[in-house]
Amino acid sequence: MRAMMLSRAGAGVLEPVERDAPSPRDGEVLVRVSACGVCRTDLHVVDGELPNPSLPLIPGHEIIGRVERLGTGVTTLTVGDRVGIPWLGYTCGKCMQCLTGRENLCPFARFTGYQIDGGYAEHVVADARYVFRLPDSYSDLEAAPLMCAGLIGYRAYKMVGESKRVGIYGFGAAAHILTQVAVHQAREVFAFTSRGDNEAQDFARSLGAVWAGASTEAPPTELDAAIIFAPVGPLVPEALSRVGPAGIVVCAGIYMTDIPSFPYRLLWQERVLRSVANLTRQDAIEFLQLAPEVPVKTHVERYDLSDANHALDTLRRGRIRGAAVLTP
Ligand SMILES: [Zn+2]
Ligand SMILES: [Zn+2]
């Protein structure tokens, strides 16, 4: 099979390789990949900003495909099923985090496209317990961004509770999905982008954001919550300064540059600052049910698998509207 591989930590580029398709072991399925989303986390892995990827590594954790072969003991899926494979690839099922509904924090968790070979390839194997059937209303291409931008974005969105006025910093793949969910739930979305990124601001308004501006600008009203998708530490005090008392600020990315020190008054009055890590299978079940109800429409830019480096570089430069998706 063809695949794009990271062979050296922080290499910044992937190399095309030709290798045998992997064989599913007990409890695993072999999936023929039809689409794989390009996530900012892939960029952090390729650029060496996340520690200890399992090298050599095939990235990609927004995988859509069809089950081609079953390992022994797989009873929940059949050959031909259309499935999605997300970032969460394995958890121990026995630790305190796993036993209390927080498998996203399992210390033994393994992640697709990081410790497990992912979907920048024609085939992938996955533990059948972490594979999901998909709503019929999405094409393979449209479904890919749901698997991480959608799922982990949704987990971040849940952390803002009932907040009515929600700021979103960084208007990429996750933001474009969550804006639709928030608008559907009669909330107000305030979109913050890089200064001068009029295209992203227009895009946000077209999806129903009531306001869009630069991340250093004051929104027209105090916010109840903010979600930060951009990996930019200085946005933390910025967002805290825009939320009211008891406001919640969620850092939704796996990587962020250092957060500068800030005065305690920005946190005072029971403002909450928290991060969101990974996803649980329950998040996936909930979101894959919710998305077609909204219905969330994903905007995708298609790239051939062999153009993965080009897709990553376009994302690196903030030039993707919606989500980039690779097809073999
Ligand atoms: Zn565990
Ligand atoms: Zn991701």
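Would you check if there is a residue in the stretch 208-219 being without any contact (Cβ under 8 Å) to a residue 24 or more places away in the chain and open to solvent by 60 Å² or more (accessible area, probe 1.4 Å)? Yes, because at least one residue in the stretch 208-219 is without any contact (Cβ under 8 Å) to a residue 24 or more places away in the chain and open to solvent by 60 Å² or more (accessible area, probe 1.4 Å). In summary, Glu270 fulfils each of the numbered conditions (1) in contact (Cβ under 8 Å) with a residue 24 or more places away in the chain; (2) open to solvent by 40 Å² or more (accessible area, probe 1.4 Å); (3) within 28 Å of Ile320 (Cβ to Cβ) with the single exception of condition (3).
If you go through the stretch 181-190 and keep only what is assigned to a loop (DSSP other than H, G, I, E, B) and not polar (S, T, N, Q), you end up with Ala186, Arg187.
Suppose the filter is among the aromatic types (Phe, Trp, Tyr) and within 16 Å of ligand 1 (Cβ to nearest atom); does Tyr114 pass it? Judged against the criteria, Tyr114 is not a match. Checking each residue in the stretch 191-200 for being open to solvent by less than 80 Å² (accessible area, probe 1.4 Å), more than 24 Å from Glu293 (Cβ to Cβ) and outside any loop (DSSP other than H, G, I, E, B) picks out Phe192, Thr193, Ala200. Summed over the stretch 126-147, the residues that are β-branched (Val, Ile, Thr) and either open to solvent by less than 10 Å² (accessible area, probe 1.4 Å) or closer than 20 Å to Leu14 by Cα (or both) give a count of 0.
When the stretch 168-190 is filtered for residues that are out of contact with any strand residue (DSSP E or B) (no Cβ under 6 Å at 6 or more places or on another chain), without any contact (Cβ under 8 Å) to a residue 60 or more places away in the chain and open to solvent by less than 10 Å² (accessible area, probe 1.4 Å), only Leu178 remains. Residue-level analysis places Arg165 among those that are open to solvent by 30 Å² or more (accessible area, probe 1.4 Å) and in contact with a Leu (Cβ under 7 Å, 6 or more places away or on another chain).
For residues in the stretch 137-164 being farther than 15 Å from Asp283 by Cα and touching a Pro at 6+ places or on another chain (Cβ under 8 Å), which is nearest to ligand 1 (Cβ to nearest atom)? Only one residue fits best here, namely Ala143.
For the stretch 57-107, residues that are within 16 Å of ligand 1 (Cβ to nearest atom), more than 30 Å from Asp304 (Cα to Cα) and either in contact (Cβ under 8 Å) with a residue 24 or more places away in the chain or among the hydroxyl-bearing types (Ser, Thr, Tyr) (or both) total 7. Candidates in the stretch 22-39 are the residues that are in contact with a helix residue (DSSP H, G or I) (Cβ under 8 Å, 6 or more places away or on another chain) and surrounded by fewer than 24 Cβ atoms within 10 Å (Cβ to Cβ); of these, the one that is farthest from Val232 (Cα to Cα) is Gly27.
The values are calculated or read from the model by the stated rules, or taken from the named source; none is laboratory data. Computed from a prediction, not measured in an experiment: that's the story for all the values here. All Cβ positions, glycine included, derive from the backbone under ideal geometry; neighbour counts span all protein chains shown. These area figures cover heavy atoms from the full protein model, side chains too; ligands, DNA and RNA do not enter into them. Shrake-Rupley method; radii C 1.70, N 1.55, O 1.52, S 1.80 Å.
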